[in-house]
Amino acid sequence: MASQTQVGEDDSLENPKILILGAGAIGSFYGGKLAQAGARVSAICRSDYEVVAADGIHFESVSGDFRFKPEKVIRNAAEYGDVPDFVLVATKVLPEIHVPELIRPVLAEKTAILLIQNGIDIEGSVAAAFPENEIISGLAFVAVSRLAPGYVRHQGYGRVTIGCYPSGVSGRVEALSTLFTKAGVPCIVTPDVVNARWQKLIWNAAFNPVSVLGGGVDTLTMLQSEECAGLLRAVMEEVCMVAKALGHEMPPDAVQKNIEATLAMDPYKTSMLLDFEAGRPLEVEAIAGNAVRAAQRAGVAVPHLESLYPLLKLADRRRRHLL
């Protein structure tokens, strides 16, 4: 694997070529911001291809409406006709989406792969397929939703956390951070991105499944129910215990801070609930399944997570008419 520790290398990438795989709400939002900072951003589009190719992507944003017109709009990586400095992967983490196969046609040794995706243990297949390429893992803290082809609503936030996988900081990470910051996107660079993934999972593993299994409830409704709030807290505490057993100590007040921060937000539906209501596949394995398997490897009892996981899997399959 390429070096993950040298700070300063490749920091001349002021206007890099970036190709987005997964130009949905999150991928197009960050792609659009990077383009504002001077990056040459292209996008692979499928269902939105005709609209985006003709008129780009329009953003209704709390920080100011804008339009993102990718440099190239293509249907698959083989049509790119160039070598990108970065491939930004923002697809859902689903068993049926084989990221290495989708990006292989454009990769060269110089290409870094940025994964802005949910869940834990999601980088392994990409790192194994491309051992000579730098893998950058990223976490998005943003409220965005695709309302129609070529039209995205940005309701709030936008911060990203990035770092080399499995650890370290490189010149390319620093170059990306500079671009994000230039575009007004707060960016945290971490040498321990795996720990950061576990910290985000504290919230995701609790609120996402319960929002679906609770019948379509928003964040405030979940927390206003004493019984439901107790379940959320129990799940979050289980995630912290698993993380600690695997060597990723969580802040002692992590659970309480997640609850307080959620109470301070306007009530909203989780991304998993929005996917469920739209009949889209859920990231069951990346968020719940991988956490349960990690607990089993660590020998940690997680009864609440182990209850939510099969129920969520069942709900997902039933909603997609697979049962």
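Since every read-out is calculated from the coordinates, none of them should be taken as a lab result. All of these numbers come straight from a predicted model, not from anything done at the bench. Heads up, the Cβs are rebuilt from the backbone with ideal geometry, glycines too, and the neighbour counts pull from every protein chain shown.
If N is the number of residues in region 17-191, what value comes out of its Cα radius of gyration divided by 2.2 N^0.38 Å?
Dividing the Cα radius of gyration by 2.2 N^0.38 Å gives 0.94.
What ranking do S28, S170 get, fewest neighbouring Cβ atoms within 10 angstrom at the top?
In increasing order of surrounding Cβ atoms, one gets S170, S28.
Using Cα pairs under 8 angstrom and six or more residues apart, how large is the relative contact order of the chain, in percent?
17
Quick one: P(r) of region 195-319 from all Cα-Cα pairs, 5 Å bins, percents rounded to integers, in order of increasing distance.
For region 195-319, the binned pair fractions read 2, 12, 23, 24, 20, 13, 5, 1 percent.
Within the chain, how many lysine pairs that are 8 or more places apart, or on different chains, have C-alpha atoms less than 21 Å apart?
Eligible lysine pairs with Cα atoms under 21 Å apart amount to 21.
Looking at region 215-320, which GluC sites (Glu not before Pro) are DSSP coil and have at most 16 other C-beta atoms within 10 Å of their C-beta?
Hits after loop and neighbour filter: E249.
Run the quick spin-label model on M241 and A264: label points 7 Å from Cα toward the beta carbon, then report their separation in nm to one decimal.
2.9
What is the set of long-range amide H partners of K17 at a cut-off below 5 Å, with H atoms built 1.01 Å from backbone N?
Here R40, D85, F86 satisfy the definition.
Using amide H atoms built 1.01 Å from N in the peptide plane, name the residues 5+ places from I136, or on other chains, whose amide H lies under 5 Å from its own.
Correct list: I113, L114, L115, Y165.
I want the antiparallel fraction of DSSP beta bridges within the chain, as a percent rounded to 5.
In the chain, approximately 35 percent of DSSP beta bridges are antiparallel ones.
If R0 is 35 Å, what FRET efficiency do you get for D82 and A278 from their C-beta distance, rounded to 0.05?
0.55
Tally Lys and Arg at +1 and Asp and Glu at -1 over the other residues with C-beta under 12 Å from the C-beta of Q256: what net charge comes out?
-1
Residue by residue through region 243-255, which ³J(HN,Hα) values in whole Hz follow from phi under the Karplus form 6.51 cos²θ - 1.76 cosθ + 1.60 (θ = phi - 60°), with glycine and proline marked x?
Here the 3J(HN,Hα) series is 4, 4, 5, 9, x, 10, 5, 8, x, x, 9, 4, 5 Hz.
For region 87-181, what relative contact order do you get, as a whole percent, if you take Cα pairs closer than 8 Å and at least 6 residues apart?
Rounded, it is 22 percent for region 87-181.
Explain nothing, just compute: Karplus ³J(HN,Hα) = 6.51 cos²θ - 1.76 cosθ + 1.60, θ = phi - 60°, for every residue of region 132-149 in order, whole Hz, x for Gly and Pro.
For region 132-149, the Karplus-derived couplings read 8, 9, 6, 9, 10, 9, x, 10, 9, 10, 8, 10, 9, 8, 8, 8, 6, x Hz, x marking Gly and Pro.
List the GluC sites (Glu not before Pro) in region 108-172 that DSSP assigns to loop (not H, G, I, E or B) and whose Cβ has at most 11 other Cβ atoms within 10 Å. Which are they?
E109, E132
With P(r) over Cα pairs in 20 Å bins from 0, in percent as the read-out, I listed [x] 29, 52, 18, 1; [y] 32, 57, 11, 0; [z] 32, 60, 8; which label goes with the value calculated from this structure?
[z]
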